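Trainee: Sending over a structure as structure tokens; questions will come in a sec.
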Amino acid sequence: MRVWYNPRYYADIGENHVFPMRKFALVRERLLCEGTLHADGIAESRPIRVEEALLVHTTDYITRLRAGTLTERELRRLGLPWSKALVRRSFFAAGGTLAAARWARQHGVASNLAGGTHHAFADRGEGFCVMNDVAIAIRVLQREGAIERAAIIDLDVHQGNGTATIFAEDPRVFTFSMHGAKNYPLFKARSSLDVALADGVRDADYLAALRDHLPAVFAHEPEIVFYLAGADPYEGDRLGRLALSIAGLRARDELVLDECRRRAIPVVTVMAGGYAADLNDTVEIHCHTIRAVRAIFAPSPIEKGQETTDALRT
């Protein structure tokens, strides 16, 4: 089991900003303290190279992003104040997703304690997303000949409009987004498969919809899956509008991960969004994703024994 993290995932955007920039460090700290992760299982991510970013993003956008010359309109659309630290964290977070993808190709699963910036388009950032880390990882792996086909399971509550647009003309990449119908963005892009949910959907209906539509993802025969395990479908999320419990979100994670494991398809988990009124809830949901990875792909002897017992009972 291997996850990627770097202290540079943090950038100061102001303590009152709705985006909880502290969550990355808090998730790492909690997983270490409880023993789900150990220090030797956390790799320090490195930044992607500019030429890797340019496999997805335009030269004009990356040049002006690095120089700090984005327009006021572009910054409003991004929703984050520009700083050198913000640019740096974006390159490091994308590097974590790329490193996790390379590891997953060899070992079956890996996680980045950041990433899932699915609102970033080729020529701009949007919705707190500066660069599209998953798209960059896919393009780098394709260029290296490591994969041809990929799938994205995007379960952030907001549609992955940037990702859908980037891969709109590429049949090798299947984009699946299950999101709030009336939530951001106002104008949705077209994914390979979109499932739009009404406000207030709870655990049972959400999980039923997910079970119904996951087979279409795997019918694409991906060589790797990127799973955006957003914490924002939570009932206590300020930007979510759905009503999933923390237990329901853990069951969601287990469902996706178990389907990948059963099919022996490498999977990369990234965090995506989460804006609970209580930051502790967002942190706990993200931690549950990593706990689910461990339980399904690297169970402890106690968990293995329980799995055997459950199988015998069944």
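Trainee: List the extent of the Cα atoms of the stretch 11-75 along each of their three principal axes, largest first, rounded to whole Å.
Mentor: 44, 32, 15
Trainee: Next question, about the same structure. Give the Rg/Rh ratio for the stretch 204-285, taking Rg as the radius of gyration of the Cα atoms and Rh as the Kirkwood radius, to two decimals.
Mentor: 0.99
Trainee: Can you compute the label reach from His213? Point 7 Å from Cα along the Cβ direction, backbone N cut-off under 18 Å, restricted to the stretch 166-192.
Mentor: Only 166-168, 173-192 pass the distance filter.
Trainee: Can you give me the relative contact order of the stretch 121-200 as a percent, contacts being Cα pairs under 8 Å and 6 or more apart?
Mentor: Result for the stretch 121-200 is 27 percent.
Trainee: Right, another one. Treating only the Cα positions of the stretch 57-141 as identical point scatterers, give the base-10 log of I(q)/I(0) from the Debye formula at each q in 0.24 Å⁻¹.
Mentor: Here log10 of I(q) over I(0) equals -1.15.
Trainee: Another question, then. With the dipole of the stretch 93-204 worked out from charges on the C-beta (+1 for Lys and Arg, -1 for Asp and Glu) around the Cα centre, which of Thr117, Val130, Ala151 lies farthest toward the positive end?
Mentor: The residue sitting most towards the positive pole is Ala151.
Trainee: Something else now. How much length is gained on full extension from Thr69 to Arg190, taking 0.36 nm per residue of separation minus their Cα-Cα distance?
Mentor: Taking 0.36 nm per residue and subtracting the Cα distance, the gain is 40.5 nm.
Trainee: Now for a separate question. Mind checking the dipole of the chain: about its Cα centre, +1 per Lys or Arg Cβ, -1 per Asp or Glu Cβ, Debye to the nearest 20?
Mentor: 620
Trainee: While we're looking at this one, here's another question. Rounded to whole Å, give me the distance from the Cα center of the stretch 134-163 to that of the stretch 262-303.
Mentor: Between the Cα centres of the stretch 134-163 and the stretch 262-303 lies a distance of 19 Å.
Trainee: Looking at the chain, identify the longest residue range that excludes and avoids all GluC sites (Glu not before Pro) in DSSP loops having at most 14 other Cβ atoms within 10 Å.
Mentor: The longest uninterrupted stretch comes out as 170-314.
Trainee: Could you give log10 I(q)/I(0) at q = 0.11, 0.15, 0.17 Å⁻¹ for the stretch 92-189, computed by the Debye formula over C-alpha point scatterers of equal weight, without solvent?
Mentor: The calculated log intensity ratios at q = 0.11, 0.15, 0.17 Å⁻¹ are -0.30, -0.57, -0.73.
Trainee: What is the chain's relative contact order, in percent, from Cα pairs under 8 angstrom and six or more apart in sequence?
Mentor: The normalised contact order for the chain reaches 19 percent.
Trainee: If N is the number of residues in the stretch 120-160, what value comes out of its Cα radius of gyration divided by 2.2 N^0.38 Å?
Mentor: Cα Rg divided by the expected 2.2 N^0.38 Å: 1.30.
Trainee: Suppose every Lys and Arg Cβ carries +1 and every Asp and Glu Cβ carries -1, with no other charges. What dipole size does the stretch 16-92 come out with about its Cα centre, to the nearest 20 debye?
Mentor: 320
Trainee: Largest first, what is the accessible-area ranking of Arg172, Arg76 with a 1.4 Å probe?
Mentor: Arg76, Arg172
Trainee: Right, another one. Taking the convex hull of the Cα atoms, report for the stretch 1-135 its projected area averaged over all directions, in nm².
Mentor: So the mean shadow area of the Cα hull is 8.1 nm².
Trainee: Same structure again: Would you tally the net charge around Asp237, using a Cβ to Cβ cut-off of less than 11 Å, leaving Asp237 out, and scoring K and R as +1, D and E as -1?
Mentor: Result for the neighbourhood of Asp237: -3.
Trainee: Kindly identify the stretch 133-184 as rounded, prolate or oblate by the Cα gyration tensor criterion: order the square roots of the eigenvalues as a ≥ b ≥ c, call it rounded if a/c is under 1.5, otherwise compare a/b with b/c, prolate if a/b is larger, else oblate.
Mentor: prolate
Trainee: Quick one: if you stick a label point 7 Å off each Cα along the C-beta vector at Asp205 and Arg262, how many nm between them?
Mentor: A separation of 2.5 nm, rounded to one decimal place.
Trainee: Of the heavy-atom accessible surface of the chain (probe 1.4 angstrom), what whole percent is carbon and sulfur?
Mentor: Reported share for carbon and sulfur atoms: 50 percent.
Trainee: Leaving ligands, DNA and RNA out of it, rank Leu65, Leu55 by accessible area with a 1.4 Å probe, largest first.
Mentor: Leu55, Leu65
Trainee: Quick one: angle between helix 279-297 and the longest Cα principal axis of the chain, in degrees between 0 and 90, rounded to 10, please.
Mentor: Once rounded, one gets 60 degrees.
Trainee: Let me ask you something else. Please get the size of the charge dipole for the stretch 195-245, origin at its Cα centre, with Cβ charges of +1 on Lys and Arg and -1 on Asp and Glu, quoted in debye to the nearest 20.
Mentor: 120
Trainee: A further question on this structure: Mind pulling the angle between the C-alpha long axis of helix 23-34 and the longest principal axis of the chain? Nearest 10 degrees, somewhere in 0 to 90.
Mentor: Value to nearest ten degrees: 30.
Trainee: Moving on to the next point. Restricting to Cα pairs below 8 Å that are 6+ residues apart, what does the relative contact order work out to for the stretch 161-314? Please round to a whole percent.
Mentor: Once divided by the residue count of the stretch 161-314, the mean separation gives 20 percent.
Trainee: What fraction, in whole percent, of alpha-carbon pairs in the chain exceed 29 Å separation?
Mentor: That fraction is 29 percent.
Trainee: Near Pro222, within a Cβ-to-Cβ distance under 13 Å, what is the net charge of the other residues, with Lys and Arg +1 and Asp and Glu -1?
Mentor: Within the 13 Å Cβ shell, the charges total -1.
Trainee: What angle do you read, to the nearest 10 degrees and between 0 and 90, between the alpha-carbon axis of helix 133-144 and the longest principal axis of the chain?
Mentor: Around 90 degrees separate the two axes.
The values are calculated or read from the model by the stated rules, or taken from the named source; none is laboratory data. Remember, predicted model here, so these are calculated numbers, not experimental data. In this analysis, Cβ positions are derived from the backbone assuming ideal geometry, glycine residues included, and neighbour counts consider all displayed protein chains. Side chains are part of the model used for accessible areas, which takes the heavy atoms of the whole protein and leaves out ligands, DNA and RNA. Shrake-Rupley method; radii C 1.70, N 1.55, O 1.52, S 1.80 Å.
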